[in-house]
1. Go through segment 54-104 and report how many residues are free of Cβ contacts under 8 Å to residues at least 60 places away in the same chain, within 16 Å of the ligand (Cβ to nearest atom) and in a helix (DSSP H, G or I).
2. Give me the pairs, please: first residue somewhere in segment 1-18 and closer than 15 Å to ALA138 by Cβ, second residue anywhere and assigned to a loop (DSSP other than H, G, I, E, B) and among the hydroxyl-bearing types (Ser, Thr, Tyr), beta-carbon distance under 8 Å, and either six or more positions apart or on two chains.
3. Among the residues of segment 1-53, which ones are among the small types (Gly, Ala, Ser) and in a loop (DSSP other than H, G, I, E, B)?
4. In the set ILE117, ILE108, which member is of a type in the set (Val, Ile, Thr), buried (at least 20 other Cβ atoms within 10 Å of the Cβ) and either out of contact with any Gly (no Cβ under 9 Å at 6 or more places or on another chain) or within 24 Å of GLU144 (Cα to Cα) (or both)?
5. So which strands (runs of 3 or more DSSP E) stay within segment 122-194 end to end and still have 1 or more residues that are within 15 Å of the ligand (Cβ to nearest atom), closer than 20 Å to TYR74 by Cα and small (Gly, Ala, Ser)?
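Read-outs throughout are calculated quantities, based only on the coordinates presented, and are distinct from any laboratory measurement. Owing to the predicted nature of the structure, the values given are computational and were not obtained by experimental measurement. Heads up, the Cβs are rebuilt from the backbone with ideal geometry, glycines too, and the neighbour counts pull from every protein chain shown.
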Amino acid sequence: MRKLTYFVACSIDGFIGDPNGDASSFFQFVKDDFLHFITTEYPDTVSEEGRRILGLESAENKHFDTVVQGRGSYQLGLDANMPSPYGHLRELVASRTIEKSPHPNVEIVTEGLVDRIRELKAEEGGKDIWLCGGSQIAGELVDEVDELVIKTYPQVYGSGMPMFGSGFAIADFALDSVRAFDDGIVVRWYSRKR
Ligand SMILES: NC(=O)c1ccc[n+]([C@@H]2O[C@H](COP(=O)([O-])OP(=O)(O)OC[C@H]3O[C@@H](n4cnc5c(N)ncnc54)[C@H](OP(=O)(O)O)[C@@H]3O)[C@@H](O)[C@H]2O)c1
């Protein structure tokens, strides 16, 4: 069974972006030992543009072979004229408004999102599935999430876009490990308790 992992960046108070989803205040922390961690252990989560800048074009995928985004998150790539922002992965985008995929590597999921995720998880072999975000899609898929990798940056937002845009429901997770980096970034790994 392949895992669905929500690998996400957030503030200390659990917001993945400002009220409009903008997470650019986190970018200043992506350097030194934390950048080394990302490029060596999670190069699969670096966008094509980031991989080009960092010389990671040929980096092997370590954890994921598939990425799932909502259209809100994918829109950032579209707006930057990057219709396949994670071309080193199989890309799925949930959208009811995009009628035709803008790129051959991108599968648009218009209906049956949860079923499609269950199909991906049931595939034999391969690597895990990265749930990139954003908030709305994570909220819809919260019951399918098997692992959380939460990169917490040392900022408080006060309000903003929540990690899961869903109604109140408690889901239990077990802490697997924690790593702290320079500048106060903390990464936590949690597994779903089923
Ligand atoms: N901090 C981080 O690590 C991180 C990671 C990713 C994203 N983000 C931020 O998150 C923000 C986007 O989050 P968001 O909550 O606004 O949007 P989102 O979850 O990325 O996408 C929501 C969209 O997905 C589509 N959708 C949702 N449920 C669907 C379903 N069941 N079937 C088919 N399509 C479905 C709809 O698209 P249509 O309107 O096209 O129908 C909906 O508008 C961005 O601003 C980004 O910066 C942050």
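1. 7
2. Every condition considered, the pairs that remain are PHE7/TYR42; ALA9/TYR153; CYS10/TYR153; PHE15/TYR157; PHE15/SER159.
3. SER11, GLY14, GLY21, ALA23, SER47
4. On the way: ILE108 fails: buried (at least 20 other Cβ atoms within 10 Å of the Cβ).
Unique residue meeting the criteria: ILE117.
5. It comes to 128-133.
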